[in-house]
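In what follows, a single structure is set out as C-alpha cells and then discussed.
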Amino acid sequence: MGFIRISVVLLSLIFYHCALSKSDPKDWYAESESVIDPNGALLLKWKVDYFNRKLRFQLVISDRAPEANWIALGFSDRGDLTNSDVCLVWTDYKGRDHFEDMHADSDGKVTRDVQQDCEAFYLDSNARSIFFERYFDTCDDNDYIIEDGTVHVVWARGIDKLFTSKGLCLTCTAAEDHGFVRVRLLTPANLPQPRSEQLVITNKDLNVPSGDTTYWCQVVKLPDFVIQKVHHIVKFESIITKGNEGLVHHMELFYCDADPNKEIPLYNGNCFSPDRPEVTKLCSKVRAAWAMGAPPFAYPEEAGLPIGGPESNKYIMLEVHYNNPELKDDWIDSSGIILHVSANKRRYDAAIMELGLEYTDKMAIPGGQEAFPLTGYCIPQCTGVGLPEHGIIVFGSQLHTHLTGVAVWTRHARRGIELPLLNRDLHYSTHFQEIRILHRPVKILPGDFLETTCIYNTVDKSNATIGGHAITDEMCVNYLHYYPATQLEVCKSAISNLALENYFKFEDRWDNMSISYSAPPRANYLAIKPWTPLRAGALTALYTESPISMQCNKSDGNRFQGDWEGLLIPKIKVPLPEEPRICRNSAKKAKRAMTYKDYMLN
C-alpha cells in the first residue's frame, strides 16, 4: 500500500484565491485519474480543492496487483526513484500499518522527514484503497514542489518484511515493481457539458506490436454529415479499452491539410513504416490531443473548432502511442478519441496559432548541454497587423518539442510590461503532450509581444541537434487555441540570414571549422566540433543578440505584407516580480520554487 506526498506552487495563486472567493463552491474542485503502472493494477484518483489549496488522493489497488508489504509513491524531477520525494505505507512484521513522509537519496534509500505532512490517512480494505490529503505547499524543504504542468509520479513496491522504514531501498526493487507516469495534477475545474453528436475515431481490435514503443497511424474518412456541412468541435475526450489504461500513452488526431478533393489512402499501420504513403504526411494539423491522465477538453461555450464542410479535405488521422515496456504480444486495443461535434455553430470560430521557432535548420543546439535555451518571438509588428482591434482570447495551449526538450514557457508583454505567463511547463516531456485548458483565459491585443523559450538537454550527444521536422531534429512551438479566428496562423521567428552567415564566416576564419558557404546551415552546424563551453556560450549570445527574421503568416501560407527580415528583438522592460510562495505555514521561511529564470541563469 502507498500514497503520494506533494507540494504545489500555483501560477498566479493570489489571483485564483480572489476569483474563487467570489464563485460558487462547486467550481472550486477538479477531479481526474490515471493508472500509474503498465498493467493498470494501480489507479490514482485525485480531487483538487483550489480554494483551500488542498488535494485529496485515492490509490486504488486492483485485485490483479501482486501482494506487497510496502508501497512508496511520490515525485521526482524526471521519473527517477533516486532523489525522489515519496510517502510510504508499510506493514511491519507484527502486522501493524505505518504511514510515513519520506525522501530518497542519490542511492534510492529513504529517510523519514522531520516534518510529516500527509493527512487524513485511512485504509479501506473493501475498496482496496488508500485515502489521504495534502496541502498544495507544506513549506517543507524536503517536499517536491509541483507546478501546473507535467508531474512525474514515481512508485515502488516490495514484499520485504520490515521492522523499520529507515534505509529502505526503492531502487533495489525488480523492474516490474517500480515505475513512473507523467500526469497533470492541476486540471481545470467544472468543464461544461455541451449538446453534440459523437464522432468516435478508434483503432479496431488492433494487435499491438510487441515492441517497447509503437506509434500507430490510422487514416479515416469523415462521415457524410460532417463532409457536407461545417461543424464545430465543442469537446473531445479519450476512449480507452478496459484493461489497456497503462498501455495507451498518448493520442493525437490530425486533420489532413490538402485539397478538398484530394483522396488520402486509408492507411492503417506503423507511423514510421517505409510503407506508409507519403501523401498521408499531409495529415499534420492537430485537432485533438490526449495524454495519460488528461480530462476531457471542452471549448468555451461561445466558441468551437471548425471541422468538415465542402471546402475542407474529408480525411483525418488518428495517431496512438503505445507504451509496452514488458514487450507483451497479446495486447488487443480499440482505443481512440471521441469528438463531440455540433452542426449548430457557436458565436465564434476557434482557431490555432503557432508561436515559437520556425521549422528551419537555421537554429541548432550544441551537444553536451544540460540546459540550452532557444527562444522564438512573436513581435508587436506581427500581432499589430494580424490581430483584430479587440484582440483574441486564448483558452488552451499545447507545448511542443522533440526528444531533447525538457522545459517550455511563453512570456507575454504589453508595451514593454510583462504580464502573467501564458503557459509554462518546467518538467516538460515530449512523451506527454496534450492540449491543456488554461486556468485563466488570456487576452492578447494587437501590438502585444509573445516570447516562447524551450530548454534542451543534449548531455548524451556530441554533435549539434538541428532544427527541423524529423524526430531527431528539434522544434520549439506553442500551439495557442483561441477565438475569434483570425488570419494570423503563424507568428514565429529565426535568426536573420545575414547574422547566421556572419557567424559561419567567423567559425571558418577564426576557429578553423570546415565551413562551406554553399552548404545549408545543417551541414555547417555539424562541422563545428567539439562544442566547448565557450562555443556554446557564443551561440547563445548569437541567438539572443542578433536580428531575426519573422514568419508572420496568414492561414493561406502567405506572409502579411512588409519586410520581415533583420528585425530587432523586442525587450521586456518591466519583468514580472518573483512570484510569492504561499503555503500552509506561510510564516515559515521556505525555499523559492524554481522559475523559468533559473534555467536562464544555469
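Brief remarks on what is shown
- Condition broken by residue 439, with the remaining ones in (1) within 19 Å of the chain's Cα centre (by Cα); (2) open to solvent by less than 20 Å² (accessible area, probe 1.4 Å); (3) of a type outside the set (S, T, N, Q); (4) at pLDDT below 95 satisfied: (2)
- Residue selected from the range 46-70 under the condition out of contact with any strand residue (DSSP E or B) (no Cβ under 7 Å at 6 or more places or on another chain) and of a type in the set (Phe, Trp, Tyr), by the criterion surrounded by the fewest Cβ atoms within 10 Å (Cβ to Cβ): 51
- Subset of the range 264-274 that is touching a residue at least 12 places away in the same chain (Cβ under 8 Å) and surrounded by fewer than 13 Cβ atoms within 10 Å (Cβ to Cβ) - its residue that is nearest to residue 231 (Cα to Cα): 265
- The range 321-335 residues that are over 13 Å from residue 251 (Cα atoms) and outside the structural domain of residue 432 (by the TED database), paired with ones that are part of a strand (DSSP E or B) and of a type in the set (Lys, Arg) (beta carbon under 9 Å, 6 or more apart): none
- Count of residues meeting criterion [of a type in the set (Val, Ile, Thr) and assigned to a helix (DSSP H, G or I)] in the range 144-177: 1
- From the list 575, 520, 533, the lone residue that is open to solvent by 60 Å² or more (accessible area, probe 1.4 Å), at pLDDT 85 or above and under 26 Å from residue 417 (Cβ atoms) is 575.
- Test: residue in the range 500-523 that is in contact with a Gly (Cβ under 8 Å, 6 or more places away or on another chain) and of a type in the set (D, E, K, R): yes
So that you can scan it fast, the table gives a plain yes or no per residue for (1) open to solvent by less than 20 Å² (accessible area, probe 1.4 Å); (2) on the phi < 0 side of the Ramachandran plot; (3) at pLDDT below 90; (4) out of contact with any helix residue (DSSP H, G or I) (no Cβ under 9 Å at 6 or more places or on another chain):
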| residue | (1), (2), (3), (4) |
| --- | --- |
| 141 | no, yes, yes, yes |
| 153 | yes, yes, no, yes |
| 165 | yes, yes, no, yes |
| 171 | no, yes, no, yes |
| 178 | no, yes, no, no |
| 187 | yes, yes, yes, yes |
| 192 | no, yes, yes, yes |
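- When the range 232-253 is limited to residues that are out of contact with any Ser or Thr (no Cβ under 6 Å at 6 or more places or on another chain) and farther than 22 Å from residue 184 by Cβ, the one that is surrounded by the fewest Cβ atoms within 10 Å (Cβ to Cβ) turns out to be 242.
- Applying a threshold of 7 Å to beta carbon distances and a minimum spacing of six or more residues, or different chains, the list of pairs starting in the range 109-133 at a residue that is open to solvent by less than 30 Å² (accessible area, probe 1.4 Å) and at pLDDT below 85 and ending at one that is of a type in the set (Phe, Trp, Tyr) and part of a strand (DSSP E or B) reads 118/3; 118/99; 118/132.
- The set of residues from the range 275-286 being at pLDDT 90 or above and open to solvent by 40 Å² or more (accessible area, probe 1.4 Å) comprises 275, 278, 281, 282.
- Considering residues of the range 295-338 that are of a type in the set (Asp, Glu) and closer than 19 Å to residue 484 by Cβ only, the residue surrounded by the fewest Cβ atoms within 10 Å (Cβ to Cβ): 311
- Tally, over the range 555-572, of residues that are closer than 22 Å to residue 412 by Cβ and open to solvent by less than 60 Å² (accessible area, probe 1.4 Å): 6
- Filtering 277, 300 for residues that are of a type outside the set (Phe, Trp, Tyr) and without any contact (Cβ under 8 Å) to a residue 60 or more places away in the chain leaves a single hit, 277.
- Filtered residues of the range 206-222 (kept if in contact with a Pro (Cβ under 7 Å, 6 or more places away or on another chain), surrounded by 15 or more Cβ atoms within 10 Å (Cβ to Cβ) and assigned to a loop (DSSP other than H, G, I, E, B)): none
- Residue 264 vs. criteria touching a Leu at 6+ places or on another chain (Cβ under 8 Å), at pLDDT 95 or above and either assigned to a loop (DSSP other than H, G, I, E, B) or not assigned by the TED database to the domain that holds residue 44 (or both): yes
- Selection from the range 71-87 of residues that are more than 19 Å from residue 140 (Cα to Cα) and crowded, with 23+ Cβ neighbours inside 10 Å: 71, 81
- The range 497-521 residues that are over 23 Å from residue 566 (Cβ atoms), paired with ones that are of a type in the set (D, E, K, R) (beta carbon under 7 Å, 6 or more apart): 513/507
- For the residues 470, 485, the requirement of being of a type in the set (A, V, I, L, M), at negative phi and either in a strand (DSSP E or B) or out of contact with any strand residue (DSSP E or B) (no Cβ under 6 Å at 6 or more places or on another chain) (or both) singles out 470.
- Evaluation of residue 341 against the conditions (1) modelled with pLDDT under 95; (2) surrounded by 21 or more Cβ atoms within 10 Å (Cβ to Cβ) shows that the sole unmet condition is (1).
- For the range 124-153, the set of residues classified as touching a strand residue (DSSP E or B) at 6+ places or on another chain (Cβ under 6 Å) and either acidic (Asp, Glu) or farther than 30 Å from residue 396 by Cα (or both) consists of 128, 129, 130, 131, 132, 133, 137, 142, 143, listed by residue number.
The values are calculated or read from the model by the stated rules, or taken from the named source; none is laboratory data. Note that the coordinates shown come from a computational prediction; the quantities given were computed from them, not determined experimentally. Using ideal geometry, Cβ is built from the backbone for each residue, glycine included, and neighbour counts are taken over all protein chains shown. Surface areas here come from the heavy atoms of the whole protein model, side chains and all, with no ligands, DNA or RNA. Shrake-Rupley method; radii C 1.70, N 1.55, O 1.52, S 1.80 Å.
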